[in-house]
Every structure is written in structure tokens, then in C-alpha cells.
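The values are calculated or read from the model by the stated rules, or taken from the named source; none is laboratory data. As the structure is a prediction and not an experimental result, all values here were calculated from the model. Backbone-built Cβ (ideal geometry, glycine too); neighbour counts: all protein chains shown. Surface areas here come from the heavy atoms of the whole protein model, side chains and all, with no ligands, DNA or RNA. Shrake-Rupley method; radii C 1.70, N 1.55, O 1.52, S 1.80 Å.
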Amino acid sequence: MNSLNVTTDRFQRQSDLIPTERLSQVTATVIGVGAIGRQVALQLTAIGTPRIQLIDFDTVESTNITTQGYLAQDLGQSKVDATANAIHRLDDAIQVMTHCDRYRKTIAIGEVVFCCVDSISARAAIWRSVNKKCEFWSDGRMLGEIIRVLAVSEANYFGRYSETLFAQAEAQTGSCTSRSTIYAASSAAGIMIHQFTRWLRDIPVDFDTTLNLLAGEIYVK
């Protein structure tokens with residue numbers, strides 16, 4: 001290996017894309033660390049988010065190894081603990097706060113929230129609780145190879161998001177865990193993190209992004 005290519009600054013290649021100073025002030029809350037949420041947490045770690053809060057009540061099952069990127073040795077652990085361990089393997093300087101529970105309004109959250117839960121009713125309940133407390137919100141939805149990411153910030157109208165919270169009875173049958181793959185979850189997480197970095201750079205976020213992997217189509221509103 002050419003020693004001239006070695007650097008001690010692992011963030012060097014992202015320095016023009018992610019403002020370090022603003023990122024250093026952020027606490028990011030990830031609600032739901034299943035298929036999309038675990039990937040969000042790991043990508044937040046990789047870009048250097050200093051404080052990450054994980055909220056989920058579930059434990060790791062065998063199918064989560066295939067679709068959610070958990071390890072065989074994680075089986076039976078709480079998802080928040082297993083993800084916290086993965087975060088610290090990447091960067092042990094990151095402060096990780098874990099809540100092995102459903103989101104409750106008594107839990108203090110960060111100014112940045114990533115909602116990665118399965119149901120519309122859960123999203124609606126969480127949104128009602130946090131929309132006046134957060135500055136950036138991103139919601140990742142996935143069914144099979146169809147991904148939808150919604151993002152709102154103080155710079156745009158939060159009320160638009162409420163219009164996407166239709167009744168649970170009107171939701172498409174199934175949840176993001178009923179038909180999912182690690183590549184679709186990683187793609188969804190990547191779009192969510194991209195919207196977050198737009199917010200960090202004071203670039204307007206894309207409110208509604210839909211990506212159909214099978215059809216090779218993307219729609220941005």
C-alpha cells in the first residue's frame with residue numbers, strides 16, 4: 001500500500017458534503033431499528049453523528065439476519081443493544097442512548113428524528129407527539145422493492161406531512177417487514193441520510209421521494 005494515500009482523517013472525503021461543525025451539534029433519534037432503522041443508525045455513525053438515540057421494543061430474530069443486517073450472535077438480543085454494539089464497533093466515541101421500549105411521549109428526543117416504524121397508526125401517534133419538538137423529520141416506508149421517503153424541516157411546511165398519514169385501514173396490506181430485502185432497506189436509509197445532509201447544508205429537503213427499484217423509476221415531489 002502506498003503510504004502517501006493513508007490519512008488519519010476518516011471524514012476527509014465527505015468534508016465538502018457534510019458540514020462537520022453543524023453535525024457536531026446534532027442528536028439524532030431513530031425510532032424503530034428494524035430493516036430501515038438499523039441501516040439509518042449505521043449510516044449516521046459512518047458520517048460521524050456524535051449522539052444517536054435508538055428506540056425499539058423488539059428483539060433480533062433469525063429472519064432479521066437476512067433482511068435487517070443483524071449478526072448471528074445478535075439473536076435474542078434487543079435490537080437497540082445489538083445496534084448500539086454495531087455503532088461502537090464503527091466508532092466507540094459516539095454517544096448512544098438506548099430505549100428498549102415503544103416510543104413514548106415522555107422520552108426526550110433529539111432535534112433530528114428518523115421514523116422507521118411499520119404502521120401508519122404508529123407514525124401518526126409519534127408525529128403528533130414530536131412535530132413541535134424536532135427540527136428535521138424523515139419517515140422511511142418500504143414494501144418489497146418500492147421505497148418512499150418523506151422529509152420535512154423547519155424550512156418547509158410541516159402540515160404537508162400530516163396529509164400522508166391516512167387511516168391504517170387504507171394502508172397497503174402488509175408491513176415493511178413482511179416483504180423486504182437488505183438492499184431495499186439500505187437504499188431507503190441512504191435517501192433518508194441524504195435528506196438529512198441537505199438540511200445540514202441549508203439546502204431545501206425533498207418532501208416526497210418514491211423509488212421503485214424493480215421498475216427503475218424515481219419520483220420526487
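So which residues in the stretch 65-77 are part of a loop (DSSP other than H, G, I, E, B) and either in contact (Cβ under 8 Å) with a residue 24 or more places away in the chain or among the aromatic types (F, W, Y) (or both)?
Q68, G69, Y70
Consider T29 carefully, then state whether it is open to solvent by less than 50 Å² (accessible area, probe 1.4 Å), under 23 Å from A122 (Cβ atoms), part of a helix (DSSP H, G or I) and of a type outside the set (A, V, I, L, M).
no
Kindly establish whether V80 is open to solvent by less than 70 Å² (accessible area, probe 1.4 Å), in contact with a His (Cβ under 7 Å, 6 or more places away or on another chain) and assigned to a helix (DSSP H, G or I).
The answer is yes for V80.
Checking I65 against (1) modelled with pLDDT of 95 or more; (2) over 18 Å from F136 (Cα atoms); (3) surrounded by fewer than 24 Cβ atoms within 10 Å (Cβ to Cβ); (4) in contact with an Asp or Glu (Cβ under 8 Å, 6 or more places away or on another chain): exactly one of these is not met. Which one?
Evaluating I65 over (1) modelled with pLDDT of 95 or more; (2) over 18 Å from F136 (Cα atoms); (3) surrounded by fewer than 24 Cβ atoms within 10 Å (Cβ to Cβ); (4) in contact with an Asp or Glu (Cβ under 8 Å, 6 or more places away or on another chain) leaves (1) as the failure.
Return the residues of the stretch 150-177 that are open to solvent by less than 20 Å² (accessible area, probe 1.4 Å), assigned to a loop (DSSP other than H, G, I, E, B) and either at pLDDT 80 or above or among the small types (G, A, S) (or both); say none if nothing qualifies.
Matches in the stretch 150-177: T164 only.
Please find, within the stretch 10-21, the residue that is modelled with the highest pLDDT out of those that are open to solvent by 70 Å² or more (accessible area, probe 1.4 Å) and either in a loop (DSSP other than H, G, I, E, B) or out of contact with any Gly (no Cβ under 8 Å at 6 or more places or on another chain) (or both).
E21
Looking only at the stretch 130-149, which residues are under 17 Å from S119 (Cβ atoms) and either surrounded by fewer than 22 Cβ atoms within 10 Å (Cβ to Cβ) or out of contact with any strand residue (DSSP E or B) (no Cβ under 8 Å at 6 or more places or on another chain) (or both)?
V130, L143, G144, I146, R148
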